[in-house]
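Taking it in order: structure first as structure tokens, then the write-up.
The values are calculated or read from the model by the stated rules, or taken from the named source; none is laboratory data. Just so you know, these numbers come straight off a predicted model, no measurement behind them. Cβ atoms come from the backbone with ideal geometry, glycine included; neighbour counts cover every protein chain shown. Only protein heavy atoms, including side chains, enter the accessible area calculation; ligands, DNA and RNA are left aside. Shrake-Rupley method; radii C 1.70, N 1.55, O 1.52, S 1.80 Å.
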Amino acid sequence: MAPALEISGLCVSYGRTEAVRGIDVSVQPGQVVCLIGANGAGKTSTMRAISGLAKIRQGQIRLNGTDITAWPAHRIAAQGLLQVPEGRQVFGELTVADNLALGAYLVSDRAEIAARQARVLQRFPRLRERLAQHAGSLSGGEQQMLAMGRALMGAPGVLLLDEPSMGLAPLFVDEIFAIIADLRREGTTILLVEQNASAALEVADQAYVLEQGRIVLSGTAADVAANEAVAAAYLGG
Amino acid sequence: MLAQQLVNGVLLGATYALFALGFTLMFGVLRVINLTYGFTFSAGAFIALALTRQVGLNIALALPLAALGSGLIAVLLDSLLLPRLRRRPSAELDSLMVTLGAVLALYSLMTAWLGPDIRRFPPGTISATAIELAGVRVTAAQGLILAASLLLVGLLMALMTTTKLGLAIRAVAEKPDAAGLMGINTPRIAHLVSLLSGALGGAGGVLIGLNFNAIQPYMGESMMLRGFVVIIVGGMGDMRGALIAGLALGIIEVLTAGYIDSSLKEMVAFAILVAVLWTRPQGLFGRAVGQRA
Ligand SMILES: Nc1ncnc2c1ncn2[C@@H]1O[C@H](COP(=O)(O)OP(=O)(O)OP(=O)(O)O)[C@@H](O)[C@H]1O
Ligand SMILES: [Mg+2]
């Protein structure tokens with residue numbers, strides 16, 4: 001089977017800073033693949049390049065076999081690759097309901113939108129009573145749930161999650177990872193970027209370790225978790 | 001006397017509000033201070049003049065066509081000037097300088113082509129009749145200005161707050177990258193915003209041209225100064241603020257001219273601007289741009 005997402009030889013630079021230096025990552029349909037690495041390793045640059053928000057200097061991105069390299073962001077989203085970006089990026093001046101509606105921006109069937117919203121609210125019950133509230137007034141954890149709910153409104157074929165647990169209270173972190181595990185059970189294809197390596201490796205099938213823009217290790221999540229260097233550097237052991 | 005002044009002030013203020021609404025919409029979404037916006041005001045007035053004078057169109061038809069023409073001019077100017085500027089690290093300052101140069105070049109080009117003289121709409125463009133109610137006189141031109149301003153402002157507000165397109169525009173204004181991730185075609189929204197704001201600017205030019213019956217190439221320049229006062233006082237990018245501040249400026253100008261001295265009306269406007277910037281840099285109603293994240 002062709003990989004759902006295949007990144008080959010990706011390079012991203014900002015002026016003279018080379019953030020990503022030729023990485024290969026492949027995500028099979030239905031898999032959760034995690035990309036772990038320290039601050040500044042190039043994780044967000046990779047995610048932004050995949051979604052068409054960062055300029056790709058070299059390399060190729062394929063989505064279900066289609067070359068989407070250098071497509072504009074809106075076209076990539078229309079092709080079914082959706083991202084929950086770093087820092088959540090909810091529309092703080094809009095209501096929770098409007099944020100969710102924007103997640104289904106490309107869907108015109110009202111009944112379908114309503115059905116998806118019902119499913120999202122079932123998954124994230126605390127969003128329900130806040131539908132009319134401005135997203136900017138939500139707590140960080142609630143905003144993360146809104147950002148995930150917003151992406152799910154688009155029924156992603158491939159879902160990119162950039163540090164969904166960043167800056168959240170432990171209770172929310174557990175909840176977020178439980179939801180990722182649910183999505184995995186339901187067969188959602190996910191590329192997950194995390195600094196919380198132990199939780200990410202627990203939920204993932206495959207893992208890649210990124211250091212200074214290069215992949216230094218990859219394999220099944222279990223193998224990567226068992227690697228001594230990874231344990232020392234990322235698992236606090 | 002006071003009632004008459006207030007009515008005149010509201011009418012003038014409605015056009016200021018209309019013009020400022022286009023300016024604040026453009027800034028709110030495109031995030032650059034685009035001084036060529038003032039040119040759409042002059043362009044709108046001249047297109048309407050040509051349509052009524054040369055083609056002999058009714059003003060009710062010439063007004064929307066002039067607005068559309070100015071909108072298209074804005075799309076052309078913005079797509080020539082803005083994409084490069086917005087990528088610069090100091091986009092705000094660079095856009096100020098580049099669009100200032102561009103708009104001055106456009107005004108002098110227009111003056112070279114059409115001459116600096118003040119032109120007037122053909123007689124009878126708008127009925128000279130006036131109605132008098134409780135001692136307050138309202139001319140047909142003023143009635144048209146008020147009706148057109150209210151209609152356009154209402155339509156824009158309805159578009160922004162009740163439609164999916166308006167929601168997409170607000171999303172792009174707040175977080176363009178995140179909007180792209182939603183599948184919103186952000187470059188197309190930018191063009192649409194140029195079109196809408198240029199059309200508002202052009203409509204403002206036609207209405208002010210009718211109100212004072214005086215049209216000349218540099219008319220957009222003095223309007224732009226007022227546009228600045230209105231959107232800064234109202235809060236940059238804040239549509240409701242622009243409406244309130246536009247109306248207020250019109251009333252203040254008319255009252256100053258009526259009760260103090262007509263030569264002082266601009267001084268008063270800028271004194272208010274300085275006072276507002278001194279005490280509330282985020283505008284009277286709005287939040288500071290930086291806080292809009
Ligand atoms: N817009 C930018 N302009 C210039 N340099 C940038 C930009 N964005 C990222 N960088 C640089 O690129 C490198 C990789 O950054 P990136 O944000 O991709 O890392 P990251 O792995 O996501 O880090 P974090 O865990 O802190 O989110 C860093 O050295 C960063 O300073
Ligand atoms: Mg990052």
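Descriptive notes on the structure:
- Taken residue by residue and averaged, Cβ atoms of other chains lying within 10 Å of the Cβ of A:213-224 number 0.
- Each Cα pair under 8 Å and six or more residues apart adds its sequence gap; the mean of these over the residue count of segment A:1-126 is a relative contact order of 22 percent.
- Per-selection Rg to Rh, segment B:140-274 - Cα, Kirkwood hydrodynamic radius: 1.03
- When the Cα atoms of segment A:109-237 are aligned to their principal axes, the ranges along those axes come out at 49, 29, 24 Å in descending order.
- Interface between chains A and B: roughly 2000 Å² of accessible area buried, both sides summed (probe 1.4 Å, protein heavy atoms only).
- One compactness figure for chain B is 0.98, namely its Cα radius of gyration divided by 2.2 N^0.38 Å.
- Among A:Ile68, A:Val107, A:Pro164 - extreme Cα towards positive end, dipole of segment A:53-189, charges at beta-carbon: A:Ile68
- Total charge dipole magnitude, segment B:46-100, about the Cα centre, Cβ charges on Lys, Arg, Asp, Glu only, Debye to nearest 20: 100
- Cα pair distances exceeding 18 angstrom across segment B:101-215, given as percent: 67
- Here the protein assembly as shown has 60 percent of its accessible surface on carbon and sulfur atoms, given a 1.4 Å probe and all protein chains in place.
- When the convex hull of its Cα atoms is projected in every direction, mean area for segment A:144-198 (nm²): 3.6
- Over segment B:215-288, accessible surface divided per residue gives 46 Å², non-protein components excluded, 1.4 Å probe.
- Normalised per residue, the volume of the convex hull around the Cα set of segment A:188-237 (Å³): 78
- Tilt relative to chain B, helix B:239-259 - C-alpha long axis, 0 to 90 degrees, to 10: 30
- Sequence-distant contacts, meaning Cα pairs under 8 Å at least 6 residues apart, place the relative contact order of chain B at 37 percent.
- At 0.692 mPa s and 37 °C, Stokes diffusion of chain A via Kirkwood alpha-carbon radius, µm² per second: 182
- At least 50 Å² accessible surface lost relative to isolated chain, residues of segment B:162-180 (1.4 Å probe): B:Lys164, B:Leu167, B:Glu174, B:Lys175, B:Asp177
- Relative contact order of segment A:92-140, defined on C-alpha pairs under 8 angstrom at six or more residues apart (%): 67
- Only one residue of B:Leu85, B:Ile33, B:Ala128 has its Cα farthest out toward the positive end of the dipole of the protein assembly as shown, where Lys and Arg carry +1 and Asp and Glu -1 on Cβ, and that residue is B:Ala128.
- Cα-projected label distance for B:Ser127 with A:Asp24, points at 7 Å along beta-carbon direction, nm: 8.0
- Scalar couplings 3J(HN,Hα) for segment B:273-281, obtained by applying the Karplus form with A = 6.51, B = -1.76, C = 1.60 to θ = phi - 60°, are 4, 4, 4, 5, 5, 5, 9, 9, x Hz; x denotes Gly and Pro.
- Enclosing the Cα atoms of segment A:1-75 in their convex hull gives a volume equal to 87 cubic angstrom per residue.
- For the peptides A:66-77, B:176-187, B:98-109, B:125-136, the ranking by packing is B:176-187, A:66-77, B:98-109, B:125-136, with the highest mean count of neighbouring Cβ atoms within 10 Å listed first.
- Over segment B:54-109: Rg over Rh, Cα atoms, Kirkwood Rh: 1.15
- Convex hull volume of the protein assembly as shown per residue (C-alpha atoms, cubic angstrom): 177
- Each residue of segment B:176-189 was assigned a 3J(HN,Hα) from its phi angle through the Karplus curve 6.51 cos²θ - 1.76 cosθ + 1.60 (θ = phi - 60°); the sequence is x, 5, 4, 4, x, 5, 7, x, 7, 6, 5, x, 5, 4 Hz, with glycine and proline shown as x.
- Using the 1.4 Å probe convention, the accessible area of segment A:114-221 works out to 41 Å² per residue with neighbouring protein chains retained.
- Summary of the geometry: segment B:190-241 and segment B:132-151, compared by the centres of their Cα atoms, lie 20 Å apart.
- Alpha carbon convex hull of segment B:1-65, projected area averaged over orientations, nm²: 6.1
- Residue-averaged [θ]222 nm for the protein assembly as shown, counting only DSSP H segments that reach four residues, each worth -39500 (n - 2.57): -19000 deg cm²/dmol
- A straight chain from B:Ala105 to B:Asn213 at 0.36 nm per residue would run longer than the Cα-Cα distance by 36.4 nm.
- Quotient of C-alpha Rg and 2.2 N^0.38 Å, computed over segment B:1-148: 1.24
- Neighbours of B:Leu12 by Cβ distance under 14 Å: Lys/Arg scored +1, Asp/Glu scored -1, total 0.
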